[in-house]
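None of the figures in this text is laboratory data; all of them are computed from the coordinates on show. These figures come from a predicted structure and were not determined experimentally. Positions of Cβ are backbone-derived with ideal geometry, glycine not excepted, and every protein chain shown enters the neighbour counts.
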Amino acid sequence: MELLIVLVILAVVAVMVYLGLREDRRTDPLADRLAILADRNEVIESLDDVELSISFKERILIPLFKSFARVVVRFTPQRQLEETRRQLELAGQTTDPATFFLQRIVFTVAFGIGGALLGFQVMKAPTLNAIAYTAGGVALGYYFPMLSLKSKIRKRQENIVKALPDALDLLVICVEAGLGFDAAMGKVYEKWDNELALAFGRVLKEIQLGKLRRDALKDMANRMDVPDVNAFTAAIIQAEQLGVSMSKILRIQADQMRVKRRQRAQEKAQQAPVKMMIPMVLLIFPSIWVVLLGPAVIQLMNTNSGGAF
């Protein structure tokens, strides 16, 4: 019973940590509350009353776990921290690496508690088996956030690859109509709402802040890590340095991307029969055998076949 109480308390703490980390706010909740009261023209008697009107999570939980995240940074190897920042950037996440490490700790504790409850309380397994359940839960909780992050990276890269040919077609149309390359990227950013359009919008904002176009495009390619985007940015930078017509380069890139998209579709079509073999062999063929051979087997069982059945 004591073990169960401790595990429940740890589970509640883990859930509270997770809920606190889900709120990724970069502004001061007290300032937000003051702004709301000012818009409503309400009289502010004291800052203490305003601060007490803020929720418990914003006043205590979030600052507490943000400070704990800073402690995690101090004990995290710098190389691993940079690699995590790189992975978060590829996934398009704005989460701080320290917060991500803290999430891994929370998941590790929560899954470990779940494994311990499953082994010791639910299944009443022997001690070694229960410890194995706990260790499995800890391992799953530790690697689950990273697996989820890699899945988001893969989906984001796939979405970028799918959107790139259409984006290049729109760039070609805009440039051939007389717009500059930056204005054409702005049209893509205005028309669409996907990862590639958001990346174009970030490039335009960086250029407006004084960053060179080639540097902004290189950074965009590094944030995506997609071979097609790397080839596109390299061609644009080379055309800008050599003074080649931008419309011709974009036209060539658009044609190549359409060819690659067609080739990827053909590749997936060729892979379909191989992928269909597994469900057919495991699911469809047994059902067909039961339907076709079932009546014959029943008839043989009902007849005197020399004791074969």
- Using the Karplus curve 6.51 cos²θ - 1.76 cosθ + 1.60 with θ = phi - 60°, work out ³J(HN,Hα) for each residue of region 94-106 in order, rounded to whole Hz, and write x for Gly and Pro. 9, 5, 6, x, 5, 5, 5, 5, 5, 4, 5, 5, 4
- Rounded to the nearest Å, the spacing of the alpha-carbon centers of region 136-172 and region 87-135 is 23
- Residue-wise, which Karplus ³J(HN,Hα) couplings in Hz belong to region 283-292, taking 6.51 cos²θ - 1.76 cosθ + 1.60, θ = phi - 60°, and x for glycine or proline? 10, 7, 4, x, 5, 5, 5, 5, 5, 7
- Query: What are the principal axis extents of the Cα atoms in region 158-261, in Å, biggest first?
  - Reply: 35, 29, 24
- Note on the structure: Sorted largest first, the Cα spans of region 179-221 on the principal axes come out in Å as 24, 22, 14
- In the neighbourhood of Ala269 defined by beta carbon distances under 14 Å, the net charge of the other residues (Lys, Arg +1; Asp, Glu -1) is +4
- Message: Output wanted: per-residue J couplings in Hz (rounded whole) for region 127-139, from phi through Karplus 6.51 cos²θ - 1.76 cosθ + 1.60, θ = phi - 60°, x for Gly and Pro.
- Response: 4, 5, 5, 5, 5, 5, 4, 5, 5, x, x, 5, 5
- Message: Please compute one quarter of the surface area of the Cα convex hull for region 218-285 and express it in square nanometres.
- Response: 6.3
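Please state the relative contact order of region 158-261 as a whole percent: Cα pairs under 8 Å, 6+ residues apart? Before the final figure, lay out each step's value.
Numbers: 82 pairs, mean separation 34.7, N = 104.
Reported relative contact order: 33 percent.
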